[in-house]
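Visitor: I am attaching a structure below and will ask some questions about it afterwards.
The values are calculated or read from the model by the stated rules, or taken from the named source; none is laboratory data. Just so we're clear, the structure is a prediction, and the values are computed from it rather than from any experiment. Cβ sites come from the backbone with ideal geometry, for glycine too, and all protein chains shown count toward neighbours. Ligands, DNA and RNA are excluded from the accessible area calculation, which covers all protein heavy atoms including side chains. Shrake-Rupley method; radii C 1.70, N 1.55, O 1.52, S 1.80 Å.
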Amino acid sequence: MPENRSTHLVLWENLYSEGDLVKMVVILALVLVSLMVTVCALGNHVEQYYPLVYCLPIVLISLWFPRQGLKVTSVLVAGFLLIHLHYFTIGSSVDLISLGLYSSLFFWMLGATSLFTKNTHLAVSRYKRLIEEADDARFLCDTGTLRILAVNRRCAEIFGCEPYELLGVPPETLWADAAELQRFADAMRREGYVGNLEQTFLTRSGDFHAVLLSCRSLPPDTLYECSVVDIGQFRSERDQLLKSNGRLQSLIHQSHDLIFMQDADGRFLHFYWVRAEENGIDPAVIVGKRMDALLPSDAAERHALQLAEVIETRRATTYDLTCDFNGSSHVFSVTLSPMLGGGGNLIGIVGVARDVTEVKQQKMVCMQLEWEIDHWKEFLTTAAHELRTPLQPIIGYLRLMLDDPDYYGLNEEACRILALCLESSGHERAVVDKMLDLSLLAMEHVELHIADVDLRALIDTVVLDGGYDQQAEIANEVPENLYIRGDSDRMYQVLGSLISNAVKYNSPPKNVWIRYTESNQNHYIMVTDNGIGIPYEVLGSIFRPFYVGDATQLNRECGRLGLGLSIAKKYVQMHGGEITVASDVGAGSTFTIRISKEV
C-alpha cells in the first residue's frame with residue numbers, strides 16, 4: 001500500500017504543474033457555476049439557452065485534460081439530470097425531450113473537442129512548458145516516428161546543440177546504435193515504460209555519449225515523455241579522477257621530499273623517500289614502526305610531541321628537525337597535517353619533510369655577506385667624512401692666498417701653482433661629495449622632499465651653474481611652465497650628471513638637446529648628444545658605481561670616479577622611475593629619464 005501511494009505521488013508531481021492546478025480550479029469553478037445557473041434558471045422558470053453554459057467546462061476539460069473529459073462530462077450530465085428530476089418531482093414543468101437532447105449535445109461536444117485535441121501539435125503545446133521548465137534533461141517525442149517534438153536546454157546540452165536544432169530530428173541521427181534504438185522502441189510499444197535504460201547517443205560533434213534513458217507514454221496522446229541522465233559526464237569525471245591520481249603518484253615519485261603517513265599511535269602507514277636507499281633506509285622495514293626506529297630518541301620524542309599537538313588541535317604544524325643519516329647531518333623542515341574522513345574522524349597524519357640543509361647553509365652565507373656589506377657601507381661613509389674634513393681648510397687657505405697674492409708675497413708662478421692646487425682640491429671635494437652621497441643612498445639615509453618643480457627652469461639653472469652653455473650648444477626644448485612632482489635638489493643632481501657627461505664626452509661641434517614627452521602615467525626627459533657614443537657591450541655597466549668607460553684616462557684633471565651615473569640612477573629610482581640609454585658609437589647617445597606622474 002505505501003508503495004502504490006508513493007507511485008501515485010510521483011506520477012502526480014510529474015504530470016501536474018502549478019499551472020495545471022490553476023486550470024483544475026478554473027474548471028471546477030465553471031462546473032459549480034453551471035449547476036448553480038441551472039438551479040436559478042429552473043427556480044425562476046427561465047428555461048431558454050441556460051444549458052449552453054455547460055459547454056464551456058466541457059471544452060476546457062477536453063483541451064487541458066482530455067483523459068479526464070469523460071468523467072467530468074458525466075458528472076455534469078448527472079448533475080444536470082438530477083436537478084431537473086428534482087424540479088419535476090416538486091411539480092415544475094420539465095421538457096423531457098429537451099433534457100435528452102441537451103444531454104446528448106454535451107456528450108457530442110466532448111467527442112468533437114476530444115477528436116480535435118488529438119492533433120499532435122495541440123498535445124505538444126500542453127506538455128511543452130512542463131518539459132522546458134523541468135529541472136532534469138527531458139524531451140517529448142512522437143510514438144510513431146520517435147521524432148523529437150519538444151526538448152529543454154539541459155537535454156540539448158547533452159547533444160551539444162541548441163533546443164530548436166533538435167526539433168523534428170529523426171531518431172537515427174541521435175542513437176549511435178540502431179539495435180539499441182530498436183530495443184527501446186519495442187520496449188515502449190510493449191510496456192509503455194522504460195526505466196534507466198543505458199543508451200549511447202551521438203553528439204553534434206560526432207562523439208559517443210552514454211546516458212540513462214527513462215520514458216513513459218502519455219495516453220491518450222501519441223507521445224513519449226523521456227528523461228535523460230548524462231552518465232558520460234560521470235565516466236569522464238571518473239577518468240579525470242584516475243588521471244589525477246596517476247599524476248599525483250608520479251609527482252610523489254619525482255619529489256625529493258620525504259613523504260609519510262602515521263596513525264594516531266605514531267606508526268608509519270606509508271613511507272616514501274627517493275633518497276632512502278642512499279641514506280641506508282628501507283621503507284618496507286619502516287612501515288608499521290614508530291619514529292624511534294628512524295630517528296634518535298631525542299628527535300623522535302620531539303616529533304611525537306608535534307604529532308600529539310596535531311591530533312589534539314586538528315591543525316597543521318611545521319617545525320625544523322635535525323638528524324644524522326649515514327654519518328651526515330641533515331636539517332628537515334617537517335609539515336604535519338591531519339587527514340580527516342567524511343564524518344570528521346581522524347584517519348591519520350600526513351607528513352612532508354623537506355631537506356633544507358643547503359638552504360640553511362646558504363642563509364648563513366647570506367647573513368655573513370649582509371654583515372660584511374653593512375660594514376663596508378659604514379667604512380665608505382666614515383672614509384668620505386674623513387677625506388672631506390681636511391679638504392675644507394686647504395681649499396679655504398688657498399682661496400685666501402689667491403685673493404690677495406701681494407699681501408703674501410706671491411709671484412705669478414706661485415699663483416699659477418696654487419690655482420692648480422685649488423682646482424685639484426675642488427675636484428677631490430666633488431669626488432668625496434659623490435662618495436658621501438652614494439654611501440648615504442646605500443644606507444637609505446636620504447629622504448625626498450617632493451614638490452612641484454618647474455622643469456625648464458631647473459634645466460636652465462643646471463646649464464648656467466655648470467657653465468655648460470660655454471662648452472657646447474645646449475638646446476633646451478622643454479616647454480615653458482611644465483611642472484613635475486619631485487625633489488628639486490635630487491633632480492638637479494640627476495640632470496647635472498647627464499648634461500655634464502653629454503658635454504664632456506663630445507667632440508666639436510658639441511651639441512646637446514634636452515627634450516620632453518609624456519604618457520598617461522609618466523614623464524620622459526631625454527638628454528641627447530652628438531658625441532663619441534658608448535659601445536654596446538658596456539651599456540649595461542655604465543650605471544655601476546666606480547665604473548669609468550676608459551680607465552686609462554682616470555685622472556685628477558677630470559675628477560672622474562664613475563659615481564655620477566650610479567647616483568643619478570638611484571635618485572631616479574627613489575622617484576619611482578628609471579634611466580635608460582640608447583647609443584650609437586660615433587653618432588652620440590640618448591639618456592632617457594622616466595618619472596611617474598604620481599611620486
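Quick grid of which residues meet (1) modelled with pLDDT of 60 or more; (2) closer than 30 Å to residue 136 by Cα; (3) not in a helix (DSSP H, G or I):
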{"site": "20", "(1), (2), (3)": "yes, yes, no"}
{"site": "25", "(1), (2), (3)": "yes, yes, no"}
{"site": "40", "(1), (2), (3)": "yes, no, no"}
{"site": "46", "(1), (2), (3)": "yes, no, yes"}
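Visitor: Considering only the stretch 181-206, how many residues are at negative phi, free of Cβ contacts under 8 Å to residues at least 12 places away in the same chain and not in a helix (DSSP H, G or I)?
Guide: Residues in the stretch 181-206 being at negative phi, free of Cβ contacts under 8 Å to residues at least 12 places away in the same chain and not in a helix (DSSP H, G or I): 0 in total.
Visitor: Okay, moving on. Across the stretch 197-217, what is the total count of residues that are loosely packed, with under 13 Cβ neighbours inside 10 Å and modelled with pLDDT of 85 or more?
Guide: 1
Visitor: I've got another one for you. Could you count how many residues in the stretch 130-164 are loosely packed, with under 14 Cβ neighbours inside 10 Å, touching a residue at least 24 places away in the same chain (Cβ under 8 Å) and more than 15 Å from residue 224 (Cα to Cα)?
Guide: Total satisfying the criteria: 2.
Visitor: Hey, among 452, 460, which residue is touching a strand residue (DSSP E or B) at 6+ places or on another chain (Cβ under 9 Å), under 21 Å from residue 565 (Cα atoms) and modelled with pLDDT of 80 or more?
Guide: Working: 452 fails: under 21 Å from residue 565 (Cα atoms).
Exactly one residue qualifies, and that residue is 460.
Visitor: Further question: Scan the stretch 108-123 residue by residue and report those that are modelled with pLDDT under 65 and either under 44 Å from the mean Cα position of the chain (by Cα) or not polar (S, T, N, Q) (or both).
Guide: 115, 116, 118, 121, 122, 123
Visitor: Collect the residues in the stretch 254-289 that are touching a residue at least 24 places away in the same chain (Cβ under 8 Å), farther than 18 Å from residue 333 by Cβ and among the charged types (D, E, K, R), keeping them in residue-number order.
Guide: Once the filter is applied, which keeps residues that are touching a residue at least 24 places away in the same chain (Cβ under 8 Å), farther than 18 Å from residue 333 by Cβ and among the charged types (D, E, K, R), the stretch 254-289 yields 263, 265, 278.
Visitor: Restricting to the stretch 179-193, name every residue that is out of contact with any strand residue (DSSP E or B) (no Cβ under 9 Å at 6 or more places or on another chain) and open to solvent by less than 80 Å² (accessible area, probe 1.4 Å).
Guide: 179, 185, 186, listed by residue number.
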